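Shown next, in structure tokens, is the structure this report addresses.
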Amino acid sequence: MPRPFQMMVLAAVALLVRPGGALGVTGPDHYLCYKAALAKGQEKVAKGLTAVLDDSLGSAQTFDLKKIAAVCNPVARDGSPMSHPDVHLEGFAIKVHKGGARFVKLDRVTIDAFAQRSLTLTAPATVLDVAPQVPGTVPPAPFGSDPTSDASVNRFTCYKAKLAKGSPKFVPPPAPTLTDVFYGSGQQFLVTKVTKVCEPTDVDGATAGAETRTSLLVCYALKLPKHTPRFAKTTVATNNPRVVPQVLVASAPAELCLPAQQPSPTPTPTTTPTLSATPTVSVTPSATPTVLAATPTVTVTPSATPTVLPTPGKRVFVTSTTTKGGFGGTSGADAFCAAHATAAGLSGTFKAWLSITGDGPSTRFTQSAVPYGLVDGTIVANDWSDLVDGTLAHAIDVDESGNTVSDDVWTSTDGAGAPLSPNCNNYLNATTASGICGNTNLKNGGWTNNSSPSCSLSLRLYCFEQ
């Protein structure tokens, strides 16, 4: 009889924590995965080793574990903190056990920090188990308790994935800078394609209910930029009471796996009447409401600067997360906005209020004849002309989910929507250059042109519906 699988467990000697620490940080980590194999002379994975894997794509099924395929380190992407820097993942190639059901291709929509995509899952490829890890050849102690008791830590079944038929051509995101225990000073990588989708998994009943967890991983193939030194093979030791201590060799960085979700269904909007040019409504308790009721009982003659976004209107927000200045120009910025809008259930096309040399919102945007307003309904400007006249009716200080934000924002754009310099070398440089930023607290020209910080800082973006 095949033995049930109990995955290897490793322990980290050096914890990699962002300056200031990751204490108090919670949530799924990013992982930088390396090709890995047993070191010379190590005992191979025993024949007949199996695992019962249960994820959201089907009922529990037995898989054969063929060989060690990867080690995955928690990683800081562009300076993001890590929640669990001592919890690594170890990958084993898998195959459906004899007599098991054959996997049927399926499509899955995912959203991660790079983009929303429609992906086709073609076949199970690996299982990733939580593992501590130490450099060298001396086995570490195993975990004292199972880290997956924390719902933000998971074992995963990973499926080969590709863009679904009819999807737009893959556009590489801005090259991220990744920092882990192997690249302690950080290293920039080029992202080339989607490779896998990984589903939270209950392995051999170790984490009952893990198959219902919603935090996926979407993995992308990586390569080092030209003229970058090759990765030096690195030896790490592992230990598990059920498996003989082993030594692995990580040979090359292969994939970046990002936390991901399936987007929430777009909520059905409540009925909101279209305001006519001169509506007359009664109001309780004031003559100018700041929040539009689902079914207003009265009308009001709008002032020159209304306070509630009518329908139609164009929504505006500042992103809830930040990015360094090397995010890939206007296309990378637009993708950043689109991902945030989709995550919040906002339909429509959103573009970033951002300029590069020779191109800014005044040329990239559809210049709206209807009002621009925050997602909570507050008017920012009556139309494009009002938007670019030097002042706003209200600061753009609300993110895509309706939360108030006080922060700086990458723009390199003047109040008229035209390009300004510096611009982080067209927002391709996250290190030595500088760029113009605005501030979400301001309604004067400083909303878009307030200071010139280093592109190594992580700031937000303004996003405008088109």
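The values are calculated or read from the model by the stated rules, or taken from the named source; none is laboratory data. All values reported here derive from a predicted model rather than from experimental measurement. All Cβ positions, even for glycine, are placed from backbone atoms using ideal geometry, and neighbour counts span all protein chains on display.
Would you point out the residue of segment 416-466, among those that are within 24 Å of the chain's Cα centre (by Cα) and aliphatic (A, V, I, L, M), that is farthest from Ala335 (Cα to Cα)? It comes out as Leu457.
Looking only at segment 138-187, filter to residues that are of a type in the set (A, V, I, L, M) and closer than 20 Å to Ala221 by Cβ; which one of those is farthest from the chain's Cα centre (by Cα)? Restricting to residues being of a type in the set (A, V, I, L, M) and closer than 20 Å to Ala221 by Cβ, the top hit is Ala164.
When segment 423-440 is filtered for residues that are in a loop (DSSP other than H, G, I, E, B) and either modelled with pLDDT of 95 or more or under 17 Å from Phe336 (Cβ atoms) (or both), the ones remaining, listed by number, are Leu428, Asn429, Ala430, Ile436, Thr440.
When the residues of segment 95-120 are narrowed to those that are more than 29 Å from Asp146 (Cα to Cα) and of a type in the set (A, V, I, L, M), which ends up surrounded by the most Cβ atoms within 10 Å (Cβ to Cβ)? Checked segment 95-120; the qualifying residue surrounded by the most Cβ atoms within 10 Å (Cβ to Cβ) is Leu119. Within segment 51-75, the set of residues being surrounded by 18 or more Cβ atoms within 10 Å (Cβ to Cβ), among the small types (Gly, Ala, Ser) and out of contact with any Pro (no Cβ under 9 Å at 6 or more places or on another chain) comprises Ala69, Ala70. Listed by first and then second residue, the pairs with beta-carbon distance under 9 Å, at least 6 apart or on different chains, first residue in segment 124-136 and on the phi > 0 side of the Ramachandran plot, second surrounded by 22 or more Cβ atoms within 10 Å (Cβ to Cβ), are Gly136/Val236. In segment 375-393, the qualifying residues are those that are over 29 Å from the mean Cα position of the chain (by Cα) and assigned to a loop (DSSP other than H, G, I, E, B), and the one that is nearest to Asp359 (Cα to Cα) is Val388.
Listed by position, the strands (runs of 3 or more DSSP E) contained in segment 72-147 that have at least 3 residues being under 28 Å from Ala430 (Cβ atoms) are 116-131.
Restrict the check to segment 188-198 and report whether at least one residue is surrounded by fewer than 17 Cβ atoms within 10 Å (Cβ to Cβ) and over 18 Å from the mean Cα position of the chain (by Cα). So far as segment 188-198 goes, no, none of its residues is surrounded by fewer than 17 Cβ atoms within 10 Å (Cβ to Cβ) and over 18 Å from the mean Cα position of the chain (by Cα). For the residues Gly205, Gly209, the requirement of being out of contact with any Lys or Arg (no Cβ under 9 Å at 6 or more places or on another chain), surrounded by fewer than 20 Cβ atoms within 10 Å (Cβ to Cβ) and without any contact (Cβ under 8 Å) to a residue 24 or more places away in the chain singles out Gly209. Could you tell me whether segment 447-456 includes any residue that is modelled with pLDDT of 95 or more, in contact with a helix residue (DSSP H, G or I) (Cβ under 8 Å, 6 or more places away or on another chain) and outside any loop (DSSP other than H, G, I, E, B)? Among the residues of segment 447-456, not one is modelled with pLDDT of 95 or more, in contact with a helix residue (DSSP H, G or I) (Cβ under 8 Å, 6 or more places away or on another chain) and outside any loop (DSSP other than H, G, I, E, B), which makes the answer no.
Every listed requirement among (1) among the small types (Gly, Ala, Ser); (2) out of contact with any Asp or Glu (no Cβ under 8 Å at 6 or more places or on another chain); (3) within 13 Å of Tyr462 (Cα to Cα); (4) surrounded by 24 or more Cβ atoms within 10 Å (Cβ to Cβ) is met by Ala335 save one, (4). crowded, with 16+ Cβ neighbours inside 10 Å and either touching a residue at least 60 places away in the same chain (Cβ under 8 Å) or in contact with a helix residue (DSSP H, G or I) (Cβ under 7 Å, 6 or more places away or on another chain) (or both): is that true of Asp86 in this structure? Taking the combined requirement at face value, the residue satisfies it. Check segment 398-411 and report whether any residue there is in a helix (DSSP H, G or I), surrounded by fewer than 20 Cβ atoms within 10 Å (Cβ to Cβ) and charged (D, E, K, R). No, because not a single residue in segment 398-411 is in a helix (DSSP H, G or I), surrounded by fewer than 20 Cβ atoms within 10 Å (Cβ to Cβ) and charged (D, E, K, R).
Regarding Cys424, is this residue touching a residue at least 24 places away in the same chain (Cβ under 8 Å) and at negative phi? Considered against the rule, which asks whether it is touching a residue at least 24 places away in the same chain (Cβ under 8 Å) and at negative phi, Cys424 comes out as no.
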